[in-house]
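For reference, the structure is listed below as structure tokens.
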């Protein structure tokens, strides 16, 4: 049998080898990237912004990423509050809502524009949009804020300070506050004035307040002079009223100084206003 020539044998070996740089490794076709090439060519994932969501206890201080500090304490539930934020007026008046009540709390911050701070009630994990009502604010000291919340039973609650979409701080509410959120006092009132009051004498009136709700509450009201806008005849007064109890009060206030022979008083307790007129005698 004839043996293949040396030249033919060398040709066969050369044909079976892949050209250098062809990229063909372990049977892969030219142009197919290797595992190491694929890993190196994949760009790293873009890092998402860091979220700052912190849960605090009442009395603890939160410091935002831009250096603003806020401390929340002393939460309390009230059916009626006294605030200048009613109707955009400058005079303080009682505020109230039929199917809601106010979650009040103290805020301590050095921020001069407290209206720039966003506070929201969080009930059972859900943020509840609410108007913020305030009392007097002194920069660097605490001020009283109140959030209007629905009357409903909840298992958990917090007050949230939102700095941005990625930065929030929550102060957990105690069980005693959550219990009050589930119930509400309801007040029925009677307001009366004398038939006449001598000019220059102190204004007098009487009220009866009955709590027909399902928890004890605190009543708050003011008596205004209808002829003088929002000027008080009897400044803000408040007292507790237990469930089913009727509380009677005699009111004595400012001197009657009108030049008219008749005067009308406005009894305002946030959820209702009643008027009563009386003669002014010399």
Practice item. Could you please let me know if residue 264 is in contact with a helix residue (DSSP H, G or I) (Cβ under 6 Å, 6 or more places away or on another chain), farther than 17 Å from residue 96 by Cβ, touching a residue at least 12 places away in the same chain (Cβ under 8 Å) and not in a loop (DSSP other than H, G, I, E, B)? Key: yes
Practice item. Please give the number of the condition residue 238 fails out of (1) touching a strand residue (DSSP E or B) at 6+ places or on another chain (Cβ under 6 Å); (2) on the phi > 0 side of the Ramachandran plot. Key: (2)
Review point. Taking strands (runs of 3 or more DSSP E) that do not extend beyond segment 26-139, which have at least 2 residues that are within 20 Å of the chain's Cα centre (by Cα), surrounded by 12 or more Cβ atoms within 10 Å (Cβ to Cβ) and modelled with pLDDT under 90?
Key: 132-134
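Answer with yes or no whether residue 162 is touching a strand residue (DSSP E or B) at 6+ places or on another chain (Cβ under 9 Å) and closer than 30 Å to residue 60 by Cα.
yes
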Exercise for review: State yes or no: is residue 203 buried (at least 20 other Cβ atoms within 10 Å of the Cβ), in the same structural domain as residue 269 (by TED's automatic domain parsing) and part of a strand (DSSP E or B)?
Suggested key: yes
Check your understanding: Just wondering, is there one or more residues in segment 271-281 that are within 30 Å of residue 179 (Cβ to Cβ), not in a strand (DSSP E or B) and not assigned by TED's automatic domain parsing to the domain that holds residue 76?
Key -> yes
Check your understanding: Does segment 251-263 contain any residue that is exposed (fewer than 13 other Cβ atoms within 10 Å of the Cβ), in contact with a strand residue (DSSP E or B) (Cβ under 9 Å, 6 or more places away or on another chain) and closer than 23 Å to residue 210 by Cβ?
Key -> yes
Revision key, fill the gap. Only one of 158, 153 is at pLDDT 85 or above and in a loop (DSSP other than H, G, I, E, B), namely 153
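Being assigned by TED's automatic domain parsing to the domain that holds residue 275, surrounded by fewer than 18 Cβ atoms within 10 Å (Cβ to Cβ) and in a strand (DSSP E or B) is true for just one of 209, 247, 222. Which residue is that?
On the way: 209 fails: surrounded by fewer than 18 Cβ atoms within 10 Å (Cβ to Cβ); 222 fails: surrounded by fewer than 18 Cβ atoms within 10 Å (Cβ to Cβ).
When all the criteria are applied, what remains is 247.
The values are calculated or read from the model by the stated rules, or taken from the named source; none is laboratory data. Just so it is clear, the model here is predicted, and its values are computed rather than measured. So basically every Cβ, Gly included, is an ideal-geometry build from the backbone, and we count neighbours across all protein chains shown.
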